[in-house]
Amino acid sequence: MKKRILAFAILPIQVLVINSAVKILEPEYPHSIVLLLPSFFTVTLLFFVSINLHKTILKHDWQFFKRKKTRLFLFSFLGAFLFQHIMNAANDFMIYLNMFNYPVSLEANVTLQNLHPIQVMLVPIIKVYYLLTTINEELYFRYNFLYSNHKRKLTSLFLLILSSILFGMAHYFVTNSLIGTFPYIIGGLFLGLIYLKTKNIYYVIGIHFFNNLIYGLLQ
């Protein structure tokens, strides 16, 4: 019971700590690599906590891919491509309705032109948290919410919608707008449906991982 409570506390803690730290640091360190440090250390620490809490399901689901790693790679890569296009379509829809302008993320404020060469070299390393948070988020929003209730259709539908909305809310700090979380909610629905269909956490981790790798870490 204590482990389950802790598992459900991970993402709220992550969002609260990162947002609070950034608000404190941003006035003092504008356009600085310092703004990335709260995300890096918080996500990294909670990554190891989450892995420990969910090691049973991670080991169980990996058994399926012992001889099918290529299948996972291809599915994840194509899924990431589709995931990003779905989110872009949702964003374009909001722009079409004149309800939302594409946000400028915190990372966009950390401009490389204003950084010391040593800081520039550290940015790709620090932004590894982009990849670690994919596991934190998928274990939280997909496994914790959907796994134990996937056989009850009405319950699954409710939890799918709830987890997707919360997934969007968790990215509020990216947009600083409730309306701006809409593309993330749609993305959460997509990942949730994939998980309910496959019943394997590595499919959604893979999609989310490649998405963050291509559109986040490598930007």
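The values are calculated or read from the model by the stated rules, or taken from the named source; none is laboratory data. What you see is a predicted model, and the numbers here were worked out from it, not measured in a lab. For neighbour counting, all protein chains shown are included, and Cβ atoms are generated from backbone atoms with ideal geometry for every residue, glycine included. Accessible surface areas use protein heavy atoms only, side chains included; no ligands, DNA or RNA. Shrake-Rupley method; radii C 1.70, N 1.55, O 1.52, S 1.80 Å.
Some notes on this structure:
- Taking all protein chains into account, the per residue accessible area for the range 1-57 stands at 60 Å² (1.4 Å probe).
- Candidate residues R4, R67, R142: accessible-area rank, largest first, probe 1.4 Å: R67, R4, R142
- Note on L162 and R4: the model spin-label points, each 7 Å out from Cα along the C-beta direction, lie 1.3 nm apart.
- Cross-link partners of K197 among aspartates and glutamates, defined as those whose alpha carbon lies under 12 angstrom from its own and excluding same-chain residues fewer than eight positions apart, are absent.
- Computing FRET efficiency as 1/(1 + (r/R0)^6) for I51 and M169, where r is the C-beta to C-beta distance and R0 is 30 Å, gives about 0.80.
- Virtual spin-label span in nm between T44 and F73, 7 Å along Cα→Cβ: 2.8 nm
- Ranked order, F83, F173, F158 - accessible area, probe 1.4 Å, largest first: F158, F173, F83
- Per-residue HN-Hα couplings for the range 199-213 [Karplus 6.51, -1.76, 1.60; θ = phi - 60°; Hz; x = Gly/Pro]: 6, 9, 5, 6, 5, 6, 4, x, 4, 5, 4, 5, 4, 5, 5
- In order along the range 177-182, the Karplus-derived 3J(HN,Hα) couplings, from 6.51 cos²θ - 1.76 cosθ + 1.60 at θ = phi - 60°, round to 7, 5, 5, x, 7, 4 Hz, and Gly and Pro are given as x.
- Out-of-range pairs (alpha-carbon distance over 29 Å; input K2/K199; K59/K127; K3/K68; K2/K68; K23/K55): K3/K68; K2/K68; K23/K55
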